[in-house]
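Visitor: Have a look at this one before I ask anything.
The values are calculated or read from the model by the stated rules, or taken from the named source; none is laboratory data. In this text the structure is predicted, and so the values were computed from the model without any measurement. Ideal geometry is used to build each Cβ from the backbone, glycine not excepted, and the neighbour counts take in all protein chains shown. For accessibility, only protein heavy atoms count, side chains too; no ligands or nucleic acids. Shrake-Rupley method; radii C 1.70, N 1.55, O 1.52, S 1.80 Å.
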Amino acid sequence: GDGYRFRGRGMVHLTGRQAYESADKALGLKGRLLKNPNLVAADPVMAAKSAIAFYNQKNKLGNRRDFGLDDVLPIVGGARDSWAAKRAAAETYLKQLPTMVASQ
């Protein structure tokens, strides 16, 4: 069923049909993300856009723009002992981001 199809992917590990539907709607994709959920993992721009849509949900960060990784980690989930690895991954990603954006 949907469990594997809508497994965690992307920057925020978007998980579950509802999360993908919400991101699809927020981004005005008209079902595109539901037809191809792997876009949040395969396309860096879609990964970033879906993460922003996730955080902009009312029960997440709302429209805050002054948040950092310490605000994000409790929302994304996972055990606290995984946060060091997530911080390291975020630092690596941020170093690569200018090159990824330039290539788009």
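Visitor: Is it the case, given these coordinates, that residue 90 is at pLDDT 85 or above and out of contact with any Cys (no Cβ under 9 Å at 6 or more places or on another chain)?
Guide: Numbers: at pLDDT 85 or above: no; out of contact with any Cys (no Cβ under 9 Å at 6 or more places or on another chain): yes.
No.
Visitor: Identify, please: which residue in segment 1-21 is among the basic types (Lys, Arg) and not in a loop (DSSP other than H, G, I, E, B) and is, among those, surrounded by the most Cβ atoms within 10 Å (Cβ to Cβ)?
Guide: From segment 1-21, those among the basic types (Lys, Arg) are 5, 7, 9, 17; that's our starting set.
Now restrict to residues that are not in a loop (DSSP other than H, G, I, E, B): 5, 9, 17.
Details: 5: 11, 9: 18, 17: 14.
Only one residue fits best here, namely 9.
Visitor: List every residue pair whose Cβ atoms lie under 9 Å apart, where the two residues are 6 or more positions apart in sequence or sit on different chains, the first residue falls within segment 22-50 and is open to solvent by 50 Å² or more (accessible area, probe 1.4 Å), and the second residue, located anywhere, is of a type in the set (Lys, Arg).
Guide: 26/49; 27/49; 38/9; 41/9; 42/9
Visitor: Checking the structure you have, find out if any residue of segment 64-85 is aliphatic (A, V, I, L, M), at pLDDT 75 or above, outside any loop (DSSP other than H, G, I, E, B) and touching a Leu at 6+ places or on another chain (Cβ under 7 Å).
Guide: So the first thing to find is which residues in segment 64-85 are aliphatic (A, V, I, L, M), and the list is 69, 72-73, 75-76, 79, 84-85.
Remaining after also requiring at pLDDT 75 or above: 84-85.
Checking which are outside any loop (DSSP other than H, G, I, E, B) leaves us with 84-85.
This time we only want the ones that are touching a Leu at 6+ places or on another chain (Cβ under 7 Å), so: none.
Taking every residue of segment 64-85 in turn, none turns out to be aliphatic (A, V, I, L, M), at pLDDT 75 or above, outside any loop (DSSP other than H, G, I, E, B) and touching a Leu at 6+ places or on another chain (Cβ under 7 Å).
Visitor: Could you check residue 30 against (1) part of a loop (DSSP other than H, G, I, E, B); (2) under 26 Å from residue 71 (Cβ atoms); (3) modelled with pLDDT of 90 or more and say which number it fails?
Guide: (2)
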